[in-house]
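J.: Attaching a single structure in structure tokens format; questions to follow.
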Amino acid sequence: MKYFFAYLIVITTCSNLSFAQSFSFIDNKEQFISPTCAGYDDFYVHMKNEKNDSLLLQWIGILNQLDPCWESSYSICDNYNCYFGIPTSVSTMAKIGPGDTTFLKFSNAMMTHYAGTPTIKFLVWDMDLPTSIDTVTYHITICPDSTLCTEFSAVAPQNSFATLTIFPNPANEKIIVHSEEIQSVQIVNLIGQVIINEQFALTNEVTLNIALLPKGIYFIRVLTAEGWQTNKLIKS
């Protein structure tokens with residue numbers, strides 16, 4: 001397998017490559033993006049099938065400079081599935097017909113506390129024609145006035161994020177959320193949908209029933225007098 005990918009990477013860098021491309025890019029394949037620090041964004045790169053036959057694209061991440069502090073704050077989707085983080089194995093999109101489009105999508109969710117300018121890159125190719133291959137690149141600027149991941153541990157006590165606690169986590173049925181002057185609590189899934197939205201009258205501790213949530217990773221967003229705080233929740 002590793003020799004196959006080495007072959008794919010080599011042929012993408014050959015300047016005299018003359019193979020016909022079976023798909024084209026509707027959007028720029030090199031994206032320069034600035035996600036909303038405390039919100040949710042989707043950044044698409046659409047591809048069009050240029051063949052007179054069906055197209056089955058495969059892809060894999062070949063560069064990931066996203067800081068480990070962002071582990072719960074981004075995902076990658078294609079037209080078949082969404083993946084938490086950047087997959088390190090081959091992913092296969094759903095097949096599309098002649099002239100139809102497919103996509104890769106980078107999504108961020110509330111990167112409130114970290115800063116930086118990472119780059120992520122993906123190799124994309126036609127499963128039936130491996131010589132038809134290209135790359136998708138995202139150059140990302142996130143929260144330029146926030147805290148770098150490498151500095152986060154040193155400044156965490158000064159950050160409102162540190163005042164939010166969730167117990168137990170992972171959890172199966174109920175969680176206790178503790179912070180100061182809680183006004184609202186939201187549970188958000190990895191594609192940005194608000195699953196639970198509860199309002200409260202300035203309390204320091206609330207209990208939420210999460211028994212009906214599917215297993216997976218979510219975000220807890222808590223509105224206090226100091227603003228929104230966010231943490232990761234694992235439903236077991």
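The values are calculated or read from the model by the stated rules, or taken from the named source; none is laboratory data. None of the values given here were measured: they were computed from a predicted structure. No Cβ is skipped: glycine too gets one built from the backbone with ideal geometry, and neighbour counts run over all protein chains shown.
J.: Which of the residues that make up the range 51-61 are over 14 Å from the mean Cα position of the chain (by Cα) and surrounded by 15 or more Cβ atoms within 10 Å (Cβ to Cβ)?
T.: Filtering the range 51-61 for residues over 14 Å from the mean Cα position of the chain (by Cα) gives 51-60.
Matches in the range 51-61: Lys51, Leu55, Leu56, Leu57, Gln58, Trp59, Ile60.
J.: Something else now. Every residue in the range 23-37 that is buried (at least 16 other Cβ atoms within 10 Å of the Cβ) and modelled with pLDDT under 95, please.
T.: Within the range 23-37, Pro35, Cys37 meet the criteria.
J.: Give the residues of the range 34-64 that are among the hydroxyl-bearing types (Ser, Thr, Tyr), farther than 30 Å from Ser132 by Cβ and assigned to a loop (DSSP other than H, G, I, E, B), sorted by residue number. Lay out the reasoning, then the answer.
T.: Going residue by residue through the range 34-64, those that are among the hydroxyl-bearing types (Ser, Thr, Tyr) are 34, 36, 40, 44, 54.
Filter once more, so that each one left must be farther than 30 Å from Ser132 by Cβ: 34, 36, 40.
Hits for the range 34-64 are Ser34, Thr36.
J.: I'm told Gln199 meets every condition in (1) at pLDDT 90 or above; (2) surrounded by 16 or more Cβ atoms within 10 Å (Cβ to Cβ) except one. Can you identify the failing condition by its number?
T.: (2)
J.: In the range 202-222, what residues are part of a strand (DSSP E or B) and either surrounded by fewer than 15 Cβ atoms within 10 Å (Cβ to Cβ) or in contact with a helix residue (DSSP H, G or I) (Cβ under 8 Å, 6 or more places away or on another chain) (or both)?
T.: First, pick out the residues of the range 202-222 that are part of a strand (DSSP E or B): 202-209, 216-222.
Those that are part of a strand (DSSP E or B) and either surrounded by fewer than 15 Cβ atoms within 10 Å (Cβ to Cβ) or in contact with a helix residue (DSSP H, G or I) (Cβ under 8 Å, 6 or more places away or on another chain) (or both): Leu202, Thr203, Asn204, Glu205, Thr207, Asn209, Gly216.
J.: Another one. Ala6: part of a helix (DSSP H, G or I) and either at pLDDT 85 or above or surrounded by fewer than 15 Cβ atoms within 10 Å (Cβ to Cβ) (or both), yes or no?
T.: Numbers: part of a helix (DSSP H, G or I): yes; either at pLDDT 85 or above or surrounded by fewer than 15 Cβ atoms within 10 Å (Cβ to Cβ) (or both): yes.
Here the answer is yes, as Ala6 does meet what is asked.
J.: Consider only pairs whose beta carbons are under 6 Å apart and that are at least six residues apart or on different chains; among these, list those whose first residue lies in the range 118-132 and is in the same structural domain as Leu66 (by TED's automatic domain parsing) and whose second residue is part of a strand (DSSP E or B) and among the small types (Gly, Ala, Ser).
T.: From residues that are in the same structural domain as Leu66 (by TED's automatic domain parsing), the pairs are Phe122/Gly61; Asp126/Ser132.
J.: Filter the range 138-155 down to the residues that are part of a strand (DSSP E or B) and surrounded by 17 or more Cβ atoms within 10 Å (Cβ to Cβ), then identify the one that is modelled with the highest pLDDT.
T.: So in the range 138-155, the residues part of a strand (DSSP E or B) come out as 138-140, 142, 147.
Retained after the next criterion (residues that are surrounded by 17 or more Cβ atoms within 10 Å (Cβ to Cβ)): 138, 140, 142, 147.
Working: Tyr138: 96, Ile140: 90, Ile142: 78, Thr147: 54.
Applying the filter and picking the extreme gives Tyr138.
J.: Right, something else. Which of the residues belonging to the range 156-175 are surrounded by fewer than 18 Cβ atoms within 10 Å (Cβ to Cβ) and either over 21 Å from Ala225 (Cα atoms) or at pLDDT 90 or above (or both)?
T.: If the condition is that a residue be surrounded by fewer than 18 Cβ atoms within 10 Å (Cβ to Cβ) and either over 21 Å from Ala225 (Cα atoms) or at pLDDT 90 or above (or both), then Phe167, Pro168, Asn169, Pro170, Asn172, Glu173, Lys174 are the ones that fit.
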